[in-house]
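Notes for the one structure printed next.
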Ligand SMILES: [Zn+2]
């Protein structure tokens, strides 16, 4: 039995698991807080060290708990990764532009002492669906940030610069009151439509514009955290629904462009915010996509992925299993 140490590093949570390539499943998993720029005032270089330390600590805890010894590592990280395993950007963790490419693969491999593969987190998650038999699809992640990775013929489209899938960092507005993205730029799609974007900008801005409407909404009296918003949305609160519908307009425009340009017809939706708001959200998203690009198939184009929070961990494991090594 080959055991892989798999990571799904998110902006908010660091997931770590041991995956069995013979049993085709995770044997054990744990979730830890990600050391990120919002939680820590540390400089980028210090934060990067904290990140690698946290990943090592997570692995040691899992190994001690399970007594399984992994033979290789596959890690998904939230940003573009080149073929040498350098992380090029990671705004949901490290904030504004990196001072230079970060040798993530070399650093993680040195820390854990195992052969290591590092890839973009959405790419890793996509391999779960590839191994299910999906061939042509766009994996859309709506969590702390927004990602959208296209797979054709079961292969991720990475581009010559390995930086595809960063739909959240496409500019939607240059107006002075547009929200600031985690990456430091103004008006990016992720600043509107991500879980953080909805909570930090849209709901706050709407509450300031319409205090009376906010006062009678389900959000009044809450801390307006992302999950408060998701709960109010799921319960059908009209004021919150209106905010969420506004927040996803930029995302719908971006996805409509993928349908228009490359003929994408299947969109698999994952991510903490997406799972919290569920199919009422994807129905709304489909309607908004149709407003941007008229296509009768939008009604059935969206499906929710596995809502078990393991997409990245299992996808990384399936990638390693598929190749017989990491
Ligand atoms: Zn951005």
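A few remarks follow.
- Order of 298, 172 under a 10 Å beta carbon neighbour criterion, fewest first: 172, 298
- Normalised by the number of residues in the range 1-151, the average gap of Cα pairs under 8 Å and 6 or more apart makes the relative contact order 22 percent.
- Choice from 79, 197, 100 showing the highest fluctuation, given a GNM over the chain with Cα pairs closer than 10 Å: 100
- Bridges between two residues of the chain, per DSSP, are antiparallel at a rate of about 60%.
- Against the main long axis of the alpha-carbon atoms of the chain, helix 311-322 sits at an angle near 40°.
- Taking every Cα-Cα distance in the chain and sorting them into 20 Å bins starting at zero, the pair-distance distribution P(r) comes out as 33, 57, 10, 0 percent.
- Taking 313, 108, 60 and counting other C-beta atoms within 10 Å, the order from fewest to most: 60, 108, 313
- Degrees separating the helix 238-247 axis from the principal Cα axis of the chain, which is the longest one: 60 degrees
- Computed from Cα atoms, the angle from the helix 44-66 axis to the main principal axis of the chain rounds to 60 degrees.
- By the count of other C-beta atoms within 10 Å, a proxy for reagent exposure, 127, 32 are ordered fewest to most as 32, 127.
- Gap separating the Cα centres of the range 113-129 and the range 130-167, nearest whole Å: 12 Å
- Rounded to 5, the percent of DSSP beta bridges in the range 137-304 classed as antiparallel: 60 percent
- Helical contribution to [θ] at 222 nm, DSSP H n ≥ 4, -39,500 (n - 2.57), averaged over the chain, rounded to 500: -12000 deg cm²/dmol
- Reference-scaled alpha-carbon Rg (2.2 N^0.38 Å with N residues) for the range 137-304: 1.02
- Per residue, the average separation of C-alpha pairs within less than 8 Å and at least 6 apart gives the chain a relative contact order of 19 percent.
The numbers here are math on the coordinates, done by the rules we state, and not lab data. Keep in mind it's a predicted model, so treat the numbers as computed, not measured. All Cβ positions, glycine included, derive from the backbone under ideal geometry; neighbour counts span all protein chains shown.
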